[in-house]
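To start, the structure under review is shown below, and the notes come after it.
The values are calculated or read from the model by the stated rules, or taken from the named source; none is laboratory data. In this text, all values refer to a predicted model and were calculated from it rather than measured experimentally. All Cβ positions, even for glycine, are placed from backbone atoms using ideal geometry, and neighbour counts span all protein chains on display. With ligands, DNA and RNA removed, areas are computed over all heavy atoms of the protein, side chains included. Shrake-Rupley method; radii C 1.70, N 1.55, O 1.52, S 1.80 Å.
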Amino acid sequence: MGVDVERVRPRLRGDVYVMRVPEGAYIRSNLGGSILKGASTYEFVQRIAPMLDGTRTLGELCAVVPESSRAAVAKMIMLLLAKGYVKNVLDDRPHTLSGELAATYAANISFIEYFTDSPELRFETYRDGPVVLTGSGPLLQALANSQLRAGVRTVPLAPFGESPFDRDRVQEHLEASRALDPEQRIVDLEADVERLDLLAADATMVLHVADRPMVERARRLPGAAVAAGAAFAQTVVAGDEAWIGPVIAGNGDPTAWESAWRRLSALAPDLVGADLRDHPEVAPSGFLRGPTVALVANQLCFAAFRHLTGIDGGTGADAGRRSDHLVRFDLESLETSKHAFLPHPLARPVVPDDPARLAALTTAAPVGDEELARRAVDFVDPRTGVLAEVTERDHEQLPLFVSEVVVSDPVGLAGGPFAVHGCGETVVESRQRAVRRAFERYAAVMVDARKGDRLHGLDVLTGEPVAVDAAQVFPARTVASGDDWAAAVRAAVVAAANDAVVAALSTATGPLPLLDLDTAELTPRAERYRKLLAIVEESFEVHDLSGLLGLPTFAFTTPAGTVAHVSDLDVAAALEQGLERTLLAYQARATEQPAYAPAPVPELPPHLRATAAPERAAAPRSVTLEEAVAGLTREGGRVVAVPLDHDAAVAGACPFVVRAVVLHG
């Protein structure tokens, strides 16, 4: 037969269904369906099905049938095994579950078997492990009922007082459940907010439900559970939504829930509980009643069942890995959705600002726009993401493509989530630019004040580590990034110089020359922008501010006003940026879509605008990084490049986000 019949102990899966069809037999399970041809196949499968209970090996099964049928029996069993309808349970671990209990909870055991091995033992372990239930109100009552129906032997209950808890109703649930399982019982525990550790003592898992935003308690409970070696999961209701999870293993990360809540609050700062405090005064949602209460409780119970039986890897090799998502349950529509989240820096222990990391940055592998856009996928979620969404909305896409990214406000410095935009000649380019801009702006407002008053950066010219005041870095008004460290430093120095335009203009004493674009060397892209501006009949002037700052700097003005101040080490690059912003400003104005217009800049005063033809000038020369730094430090000092990396997850994806700080003296 080509198989060791003593190494196969076949058991028919509990979800298998067989029916007669003209071709023979149709067999189906959750894995799919198959047709087994043959006039007598249906009867044959029906005869051998009762034998496939996992108590005998294939050799023992063949030994009890007539010799003439043994080959056919073995062939059919091996066929069913290959198609997944029969499972080899030879290596299943022993259990002591009674046949009566196995029959009572056959559906639960079959569900476990669908995903993993030793289903009876896993169910038995789940049944016998104390899972402490705590919280308040009807949600806790429903959770107790869910646990009883799931098959746990003992239900420890610890109700808090912010919502009424109907013990009589829970007793009714117990009596109904004991009609099938007389061993079940409920144990009352004391809920003391000052001694949460007592709730988790001797528990295999703690489940918490709150019908209102009891956020402080929700933050503390995971730590108490993990400290006791217990797993943890909870449901917290805020407004008309219930947030379920994440499941935290007994040796997992107790800060996971706080990370999730902080991410949620960063995109919804008006959420009750965003202040991380308990709010017992808030009335529960009017939709949290009737069957809805049971549905929410069942979701949490099911998550615990999956974890404790090992279906989700919670008791296997991945036991220390926490889930990285919340489940949102809409109490009005009953819709559910899964929302991924990343660790939030303020939920975790502080990592001191270490200057040693700077050396690694200077030699780190480049991250180009295409790769950064690919990585950004892991940071996007409409409710719990670092970035809420990447979209074109209803923005006009001619003459430039325009994309938008909504960025979360991780520590409240930005006044709430905000949108950034990117433009380009293709939608791919506009999206990539918007994503890069989003990471830059996020890093600019993500400050972990626990790192202290001094942060470390590198001297732009010497590469020497330098400590600077944190107040000079955050919140970062000017920030830049690049494909690698060198490109990011270059861009940050340019941004710092451009930030000094207004101050430099105050020192100007005469008209600034008009640039003659006909004599300037333009990039192919800049030439295209210039032609598009001519097509749409947008007149503009370019005034040369380079002499004020020590690097190529230009002011672009239109009849509508000054639309851009641009700087760069390279003249052609600066002109390309200025022409692009001028074109984008026209597009935003013409379509009445100011959201994506270039950031407003101060007007170039009329007395500084040269108007006569003789005052037109040729383009200035490009400069080196050293010359640009010299222009920023004319009165002495140095320029320090400080990486904005207070969110480790974001910095891992977009490592080269930099603020250039000018230290005078």
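General remarks:
- Set Ala107, Ala102: member being part of a helix (DSSP H, G or I) and open to solvent by less than 50 Å² (accessible area, probe 1.4 Å): Ala102
- Within segment 606-629, tally of residues that are at pLDDT 95 or above, open to solvent by 50 Å² or more (accessible area, probe 1.4 Å) and not in a loop (DSSP other than H, G, I, E, B): 2
- Flag for Lys37 being open to solvent by 30 Å² or more (accessible area, probe 1.4 Å) and touching a residue at least 24 places away in the same chain (Cβ under 8 Å): no
- Residues being at pLDDT 95 or above and of a type in the set (Lys, Arg) - total across segment 320-338: 2
- Residue check, Val193 β-branched (Val, Ile, Thr) and closer than 22 Å to Phe165 by Cβ: yes
- The one condition in (1) closer than 30 Å to Ala201 by Cβ; (2) part of a strand (DSSP E or B); (3) not hydrophobic (A, V, I, L, M, F, W, C) that Glu124 fails to fulfil: (2)
- Unique match (being free of Cβ contacts under 8 Å to residues at least 12 places away in the same chain and open to solvent by less than 40 Å² (accessible area, probe 1.4 Å)) among Val65, Val73: Val65
- Qualifying residue in segment 588-610 (condition: at positive phi and not small (Gly, Ala, Ser)): yes
- Taking each residue of segment 303-319 that is assigned to a loop (DSSP other than H, G, I, E, B) and of a type in the set (A, V, I, L, M) and looking for partners that are modelled with pLDDT under 95 and open to solvent by 30 Å² or more (accessible area, probe 1.4 Å) with beta-carbon atoms closer than 6 Å, six or more apart or interchain, yields Ile311/Phe115.
- For segment 402-517, the helices (runs of 4 or more DSSP H) that sit wholly inside it and include 1 or more residues that are touching a residue at least 24 places away in the same chain (Cβ under 8 Å) and either of a type in the set (Ser, Thr, Tyr) or surrounded by 22 or more Cβ atoms within 10 Å (Cβ to Cβ) (or both) are 427-445, 485-499.
- Qualifying residue in segment 551-560 (condition: open to solvent by 10 Å² or more (accessible area, probe 1.4 Å), part of a helix (DSSP H, G or I), free of Cβ contacts under 8 Å to residues at least 40 places away in the same chain and over 25 Å from Arg634 (Cβ atoms)): no
- The set of residues in segment 245-264 that are in a helix (DSSP H, G or I), touching a strand residue (DSSP E or B) at 6+ places or on another chain (Cβ under 6 Å) and within 15 Å of Ala210 (Cβ to Cβ) contains only Ala260.
- Yes/no for Glu521 being open to solvent by 10 Å² or more (accessible area, probe 1.4 Å) and at pLDDT 95 or above: no
- Some residue of segment 516-525 being more than 30 Å from Gly652 (Cβ to Cβ) and touching a strand residue (DSSP E or B) at 6+ places or on another chain (Cβ under 8 Å): yes
- When the criteria are applied in full, Ala585 fails the requirement of being surrounded by 17 or more Cβ atoms within 10 Å (Cβ to Cβ), in a helix (DSSP H, G or I) and without any contact (Cβ under 8 Å) to a residue 24 or more places away in the chain.
- Segment 631-665 - residue that is among the basic types (Lys, Arg) and modelled with pLDDT of 95 or more and, of those, least open to solvent (accessible area, probe 1.4 Å): Arg659
- For segment 341-380, a residue qualifies if it is open to solvent by less than 50 Å² (accessible area, probe 1.4 Å), among the aliphatic types (A, V, I, L, M) and within 29 Å of Val247 (Cα to Cα), and the qualifying residues are Leu342, Leu346, Ala347, Ala376.
- Verdict on Gly313 being under 20 Å from Glu113 (Cβ atoms), surrounded by fewer than 20 Cβ atoms within 10 Å (Cβ to Cβ) and modelled with pLDDT under 95: yes
- On inspection, Asp197 passes the criterion of being assigned to a helix (DSSP H, G or I) and either over 22 Å from the mean Cα position of the chain (by Cα) or at pLDDT 95 or above (or both).
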